[in-house]
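Heads up: the structure comes next, in structure tokens.
Here, each number is a calculation from the coordinates, and none is a lab measurement. Note that the coordinates shown come from a computational prediction; the quantities given were computed from them, not determined experimentally. Methodologically, a virtual Cβ is constructed for each residue, glycine included, from the backbone with ideal geometry; neighbour enumeration extends over all protein chains shown.
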Amino acid sequence: MKKLIIANWKLNPTTLKDAQKLAASISVKAKNKVVLCPPTIYLSQIDYPNLGAQDCFWNEKGPHTGQTSPAQLKDLGVKYCIVGHSEKRETGDTDEMVNGKVKACLAQKITPVLCVGFGTTVEQDDLEVTDVLKSQLDINLSGADASKVIVAYEPVWAISSGDPYATKKVATPEHAETISIFIKNKYNVSAVLYGGSANVRNAKEFLAGRNVGGLLVGGASLIAKDFNEIINM
Ligand code: PGA
């Protein structure tokens with residue numbers, strides 16, 4: 001079955017030329033569906049079938065210095081937008097703000113990739129994790145059509161170890177599957193992805209999970225050779 005693999009380039013690379021080079025090296029005929037999320041400033045100049053943004057604002061237009069709206073993303077042909085990433089929550093995004101972003105994306109027919117998982121630690125068991133997720137998702141999805149939302153479960157302790165081949169700080173595929181089932185059953189979302197140090201060595205096991213709809217890949221998506229392998233698993 002086709003899964004969805006989303007590349008979150010975060011604040012990389014530092015030149016447009018390198019961004020275009022990286023995009024050009026990613027297969028457009030992969031076995032799985034692929035979305036590239038480059039930095040916003042490069043979006044209009046990256047040629048790839050499915051593009052996503054890494055964040056957006058909740059208002060369409062107006063006096064909001066430095067923001068980018070889903071309406072503007074839509075105009076560029078962007079189809080997906082990550083919202084609620086833990087790195088944005090860390091710098092001030094509240095659950096209510098994330099909810100505004102989800103609804104603003106849906107209003108423009110952009111698929112929100114709603115990241116949840118902030119606040120959990122490696123020591124927490126599945127029950128504690130689902131409590132945190134429930135408190136996030138209840139607010140993040142309030143008043144939104146969940147069936148049009150993709151959720152990315154990213155345990156914060158597993159994100160961006162900085163080492164694309166990390167072995168110590170990664171969730172187990174069983175944990176990803178358990179949490180995916182919990183989210184799907186409770187919220188009727190379109191799919192649940194796993195994210196957090198997914199790489200060429202562990203991706204296959206995550207993708208084998210029946211309820212894991214794909215992966216949100218950070219560090220490993222910057223290594224074209226590895227990412228091409230992941231999207232063809
Ligand atoms: P990582 O990032 O794969 O580098 O851990 C994933 C993410 O934060 O989306």
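Couple of notes before you dig in:
- Compared with the alpha-carbon gap, the fully stretched path from residue 71 to residue 27 is longer by 13.0 nm at 0.36 nm per residue.
- Each peptide among 42-55, 65-78 gets the average number of other Cβ atoms lying within 10 Å of its residues, and from highest to lowest they stand as 42-55, 65-78.
- Under 24 Å from the Cα of residue 3 - lysines, other chains or at least 8 residues apart: 29, 31, 33, 74, 79, 109, 148, 169, 184, 186, 204, 225
- For region 87-169, the list of trypsin sites (Lys or Arg not before Pro) that fall in a loop by DSSP and count at most 14 other C-beta atoms within 10 angstrom reads 109, 168.
- The chain, Cα convex hull volume normalised per residue, Å³: 113
- Qualifying chymotrypsin sites (Phe, Trp or Tyr not before Pro) in region 141-233, where qualification requires a DSSP coil assignment and no more than 15 other C-beta atoms within 10 Å, comprise 165.
- Summarising the amide proton neighbourhood of residue 193: residues at separation of 5 or more, or on other chains, whose placed amide H is nearer than 5 Å comprise 151, 152, 153, 213.
- Separation of region 72-102 from region 208-225 is 20 Å, based on Cα centroids.
- Cut-off of 10 Å, at most 15 other beta carbons, DSSP loop: longest stretch of the chain lacking such GluC sites (Glu not before Pro): 124-233
- Between residue 139 and residue 172, the FRET efficiency estimated from the beta carbon spacing at R0 = 22 angstrom works out to 0.20.
- Centre-to-centre, using Cα atoms only, region 104-183 and region 1-58 are separated by 21 Å.
- Each Cα pair under 8 Å and six or more residues apart adds its separation to the average, and for region 4-231 the resulting relative contact order is 20 percent.
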